Amino acid sequence: MNAMVEFVGVADPVSPFSVTARPNSVVGKPGLLISMAILVPACSVTGLAFMVIGAWPVTIFMGLHILAVLIAFVYVERHTSDFERLTLANDRLILDTHTLDGDQHLEFNGYWVQVDLQTSAVGSNSLCLRSQGKEVRFGRLMSDGERLAVSRELGRRLARLRL
């Protein structure tokens, strides 16, 4: 998934550290309208041409194609406000997540948090935060490289906190 990731406090090792990830939705409603203005007439003309030559089932698939593209655009548009934010301030690690399903706010004592970057068999990774028997995944909106960078920086900051 392509995401916009914002790092705050990376240059200053003693300032609060924050990472915010949002989905990269570059299309928006104007893009949907433009795409539909091109796709609907093109598929309609093509579908009618196939109907004229007797291949009417193609017209049904053209309509399904338009519906699939519309559903994809609506899904992306509905998730534009999703975000994940991880903040390390003083000795508190705060994780805020906003999705269509609701908001989640978790706080951990920074002294006890373990950062674990797990790599799957296909080469992708996932970032887990563990503390006192809880495990929380972070970075679903980030690329593998971004999760790796967050893992390294957060690991350095937590190690410095424990000194």
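The values are calculated or read from the model by the stated rules, or taken from the named source; none is laboratory data. Here the structure is a predicted model, which means the values were calculated and not measured. Positions of Cβ are generated from backbone atoms using ideal geometry, with glycine treated the same way; all protein chains shown enter the neighbour counts. For accessibility, only protein heavy atoms count, side chains too; no ligands or nucleic acids. Shrake-Rupley method; radii C 1.70, N 1.55, O 1.52, S 1.80 Å.
List of remarks:
- Any hit, region 139-146, residues being basic (K, R), at negative phi, open to solvent by 50 Å² or more (accessible area, probe 1.4 Å) and touching a strand residue (DSSP E or B) at 6+ places or on another chain (Cβ under 9 Å): yes
- Positions within region 112-128 being closer than 22 Å to N90 by Cα, touching a Leu at 6+ places or on another chain (Cβ under 7 Å) and open to solvent by less than 40 Å² (accessible area, probe 1.4 Å), in sequence order: V113, L127
- Each residue in region 66-110 was checked for being among the hydroxyl-bearing types (S, T, Y), at pLDDT 90 or above and surrounded by fewer than 13 Cβ atoms within 10 Å (Cβ to Cβ), and 0 of them qualify.
Residue by residue, here is whether (1) within 18 Å of the chain's Cα centre (by Cα); (2) not small (G, A, S) holds:
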| position | (1), (2) |
| --- | --- |
| F83 | yes, yes |
| D91 | no, yes |
| F108 | no, yes |
| L127 | yes, yes |
| R130 | no, yes |
| D144 | yes, yes |
| R147 | yes, yes |
| G155 | no, no |
